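Visitor: I'd like to ask you about the structure that follows.
Taken together, the values in this text are just the output of simple stated rules run on the coordinates, not laboratory data. Predicted, not measured: the structure shown is a model, and the values here were computed from it. Neighbour counts run over all protein chains shown; Cβ positions are idealised from the backbone, glycine included.
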Amino acid sequence: MKKPTVFSLVREQSAFMTAIMSLLTFLSVLALGIAISIGTGVMRWNAQWELYTTIQVMDSENTQATKNILSSNADKIESLTEITTEQMQDLMSPWISGDSVLKNFLPKMWEVQFKTKSDLESVGNELSKHARVLTHSDALRSSTSAGWKMILMSTFILLLTLGTIGVCISYIARNTAMLHRRELEILNQIGASDNFIAQQMQIIVGKISLMATCIGFFAAVPVLLVILSTAHSARVGLLAMLGLSGAGWFSLIMLPFIIAVFSIWITRRTTIKILQAA
């Protein structure tokens, strides 16, 4: 037979705690999910482009030397694409007009995909004596930097929500102790320990927290999936790389339980402090 708790939260407190915990869990899951998705996108982005490089020959006298280096290192190259003058003219036409003049200033360019990073570095050092070598990962560093900044912002929001949960739980525990001061005095008089009283509060808060965090989690997952779907449908740069791996989903599933355990710990800590100060 279950032992009933000595006291419980009043209905208004239970409703408030359930609502605030559900909302904060919703925000926490979204913040963590977005942070993990962007982190996954950044890693995929870097992995996709770290073996690509663009070679630009500004001086026509170096063109043949560059071609010779590329030919002699063909075994280290996965793919080699020469960018024609017509293609560069099409790319530059929105900013520069006058095709006959433009041809005199356009460099000779190749897009190269190497087999390994060491191949890129070794061949790149040879090419750098005759041409400008620009890796795609370096060229897209601003996009990667923006991704890391978004991760930091999402992490900051997650920490804020967890801090808010701690404050709310601490306030509710303190308020409950004040409302049930008479019961606490009786428990002390009959010899109940502080740990026993704190355990009663932990049981109450634990039940509400588990229910509220589950509500917040199941509300956040569809929203997160819509965000990822929208990013993928954009098919633009880093957005198309966002995603959640198995480890990412495991982290999201564990987050509500971590929040519930955190709430129970805050409850115990606050209740013990109140009892010791009384």
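Visitor: For THR135, list long-range residues whose amide hydrogen, built 1.01 Å from N in the peptide plane, is under 5 Å from its own amide hydrogen.
Guide: THR54
Visitor: 7 Å from Cα along Cα→Cβ at both GLN64 and GLN276: what's the point-to-point distance in nm?
Guide: Computed distance between label sites GLN64 and GLN276 equals 8.5 nm.
Visitor: Also, I was wondering about something else. Here are some pairs, LYS76/LYS149; LYS117/LYS149; LYS108/LYS149; which of them have Cα atoms lying more than 32 Å apart in this structure?
Guide: Table pairs above 32 Å Cα-Cα are LYS76/LYS149; LYS108/LYS149.
Visitor: Hey, another quick one. Report the calculated FRET efficiency for ALA219 and ARG269 (r = Cβ-Cβ distance, R0 = 30 Å), to the nearest 0.05.
Guide: With R0 = 30 Å, the Cβ-Cβ based efficiency is 0.60.
Visitor: Mind listing the phi-derived Karplus ³J(HN,Hα) values for segment 20-28, rounded to whole Hz, using 6.51, -1.76 and 1.60 with θ = phi - 60°, and x for any glycine or proline?
Guide: Whole-Hz 3J(HN,Hα) from phi for segment 20-28: 5, 5, 5, 5, 5, 5, 4, 5, 5.
Visitor: Oh, and also: Give me the distance in nm between label points sitting 7 Å out from Cα along the Cα-to-Cβ direction at LYS76 and ASN125, one decimal.
Guide: Going from the LYS76 label point to the ASN125 one covers 0.9 nm.
Visitor: Work out from phi, with θ = phi - 60° and the Karplus expression 6.51 cos²θ - 1.76 cosθ + 1.60, the ³J(HN,Hα) of each residue of segment 199-213, listed in order in whole Hz, and give x for Gly and Pro.
Guide: 5, 4, 5, 5, 4, 5, 5, x, 4, 5, 5, 4, 5, 5, 5
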